[in-house]
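This report concerns only the one structure given below.
The values are calculated or read from the model by the stated rules, or taken from the named source; none is laboratory data. Since the structure is predicted, the reported quantities are computational estimates derived from the model, not experimental observations. Heads up, the Cβs are rebuilt from the backbone with ideal geometry, glycines too, and the neighbour counts pull from every protein chain shown.
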Amino acid sequence: MNTKKHEEHPHLTGEYRWGDTGQLIILALFLCVWITDSFVFNYSTFLRDVVPEIVRIPVAGIVLICGWYLARGGMKAVFRTEREKPEVISTGVFRIVRHPIYTGALLFYLGATCITLSIASAALWLVIVVFYYLISRYEERILEDTFGEDYAAYKKQTGMLFPKLFR
């Protein structure tokens, strides 16, 4: 298996070995596309002329704040909370989504895209969603193997990357 363990956090079950590297590559790629399209060449930002800043900026701000809240809450629960042994975390932001850190990252990319309405960035955002979905599915298999019915019950109640609207 391509599972990465955290020696300093023995209560964690693991994650995809290349997940962190993939996230850094995606961040660099997104920033390159977003910056060059939004501030240099403007090759797909024509929607900025249709949607005024007074709409774009507040929407982007709300999306970015929600992303920050989820990512921060997830990081805090996973890395700053001491647990005797691995367990399903279903409190705090984990009541909203099963992968709040990943959802926070997705909202960061979406918020940046909303600011400039770059079509190229929006297309790349869809690719990024697929990437996070795939690494989430990998981690879910680890969690299902480790926690069995407890995790299955949690999955029924909580959405993976986006909240479940109907339970």
- Message: Based on this model, can you work out whether Val51 counts as assigned to a loop (DSSP other than H, G, I, E, B) and more than 26 Å from Ser136 (Cβ to Cβ)?
- Response: yes
- Query: Here are Leu47, Leu31: which of them is surrounded by fewer than 14 Cβ atoms within 10 Å (Cβ to Cβ), in contact with a Leu (Cβ under 8 Å, 6 or more places away or on another chain) and at pLDDT 95 or above?
  - Reply: Leu47
- Task: Tell me which residues, restricted to region 78-94, are farther than 27 Å from Thr113 by Cβ and either of a type in the set (A, V, I, L, M) or buried (at least 19 other Cβ atoms within 10 Å of the Cβ) (or both).
- Result: Val88, Ile89
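Yes/no per residue for (1) crowded, with 16+ Cβ neighbours inside 10 Å; (2) in contact (Cβ under 8 Å) with a residue 60 or more places away in the chain; (3) in a helix (DSSP H, G or I):
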| position | (1), (2), (3) |
| --- | --- |
| Ile101 | yes, no, yes |
| Leu106 | yes, no, yes |
| Tyr109 | yes, yes, yes |
| Thr113 | yes, yes, yes |
| Ala123 | no, no, yes |
| Ile128 | yes, yes, yes |
| Ile135 | yes, yes, yes |
| Glu139 | yes, yes, yes |
| Glu144 | no, no, yes |
- For Thr113, all conditions in the list (1) over 21 Å from Val50 (Cα atoms); (2) under 16 Å from the mean Cα position of the chain (by Cα) hold save one; what is the number of the exception? (1)
- Message: On the basis of being surrounded by fewer than 14 Cβ atoms within 10 Å (Cβ to Cβ), within 26 Å of Gly61 (Cβ to Cβ) and out of contact with any His (no Cβ under 7 Å at 6 or more places or on another chain), does Val97 make the cut?
- Response: no
